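All remarks here apply to the structure that follows.
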Amino acid sequence: VQPLSPGALAVARVAAIAGVDFCVALAEHVLQVPAMALADSIAELDTAQVMRGDAFAHDLVADAVQGSVPPTVAEHTHAQVAQWLEAHHGEPARVGRHWVAAGQPLRALPALRAAAEAARLALRGREQVAFLLEVSRIEEDLGNPDAAFETVHALLEARIDVDRHPIGWALCDRLDALARSPAQRGRALQQRGWFALNRGELAQALQAAQALLPLAQAQADTLLCAAAWDLQ
């Protein structure tokens, strides 16, 4: 990046972190400077062919500018961008990404869940899975594996009748890894069995049922017992 004035460099750095959501109003919020006071810096960026309007002229320039921001400042700026986007109905997926980049994953959870729901409504199943798996990883990292288990369990339950894609096996494996109690292990086996049955993989369904039945009987769980028999 060619030498820029401090004001222009500050605007460029905000733009690099904000990405496609960058605009003058966001720069005002982050830099706490009125739009008119930013006019010269924005004009300088245009003259230097660093930016064209609200976007960088070249991706490599954007990368170089972003790389020039100290990590602690970058985290703080990601948080400011996330706050502004939340207040202005920003894209949930990007709000979540900014909170994660800000080192505040707990604040990312509502946005990531909203992004998953938007993906579900748009019939973008793989995106829905990716967002909710990220939610489960954050929940586990924050010391709440039970919440992570429920997130993956709900995802499998919601998709099992409509999506037979093999990605379901990865979800079953994730559920197994999160199961800590006998009850959770039983529910994980039930989901694995139903997924196998829906895919027509009867041997796998039977294997899950045979593992589930004694576990359900030991817990005197009539619902899981019934599920085990249904899978056979």
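The values are calculated or read from the model by the stated rules, or taken from the named source; none is laboratory data. Quantities reported herein were computed from a predicted structural model and do not represent experimental measurements. Using ideal geometry, Cβ is built from the backbone for each residue, glycine included, and neighbour counts are taken over all protein chains shown. Calculation scope for accessible area: heavy atoms of the full protein, side chains included, ligands and nucleic acids excluded. Shrake-Rupley method; radii C 1.70, N 1.55, O 1.52, S 1.80 Å.
Taking the accessible area of the stretch 74-129, probe 1.4 Å, and keeping the other protein chains in place, the carbon and sulfur fraction comes to 55%.
On C-alpha positions alone, give me the angle between the axis of helix 202-218 and the longest principal axis of the chain, in degrees, nearest 10. It works out to around 80 degrees. Solvent exposure of the chain, expressed per residue, is 52 Å² of accessible area, with all protein chains present and a 1.4 angstrom probe. Computed about its Cα centre, the charge dipole of the stretch 1-158 is approximately 140 debye, with only Lys, Arg, Asp and Glu carrying charge at their Cβ.
Taking 0.36 nm per residue of separation and subtracting the current Cα-Cα distance, fully stretching the chain between Ser5 and Val20 would add 3.1 nm. Paramagnetic label reach from Asp146 (point 7 Å along Cα→Cβ; backbone nitrogen cut-off under 14 Å): within the stretch 175-192, residues 179-185.
Computed 3J(HN,Hα) for the stretch 98-111, one whole-Hz value per residue from the Karplus formula 6.51 cos²θ - 1.76 cosθ + 1.60 where θ = phi - 60°, is 5, 5, 5, 5, 7, x, 10, x, 4, 6, 7, 4, x, 5, glycine and proline marked x. Note on the chain: with a GNM built from Cα contacts shorter than 10 Å, the maximum mean-square fluctuation among Arg180, Arg192, Arg94 falls on Arg180. The long axis of helix 182-198 is offset from the longest Cα principal axis of the chain by roughly 90 degrees. Amide hydrogen proximity for Ala55: with H placed 1.01 Å from N in the peptide plane, no residue at 5 or more positions away or on another chain lies under 5 Å. Estimated from helical segments only, the mean residue ellipticity of the chain at 222 nm is -24000 deg cm²/dmol, where each DSSP H run of four or more residues counts as -39500 (n - 2.57). Counting Lys and Arg as +1 and Asp and Glu as -1 over every other residue whose Cβ lies under 12 Å from the Cβ of Leu189, the net charge comes to +1. Helix 6-18 against the longest principal axis of the chain: what's the angle in degrees, Cα atoms only, rounded to the nearest 10? In the chain, helix 6-18 runs at an angle near 20 degrees to the longest axis.
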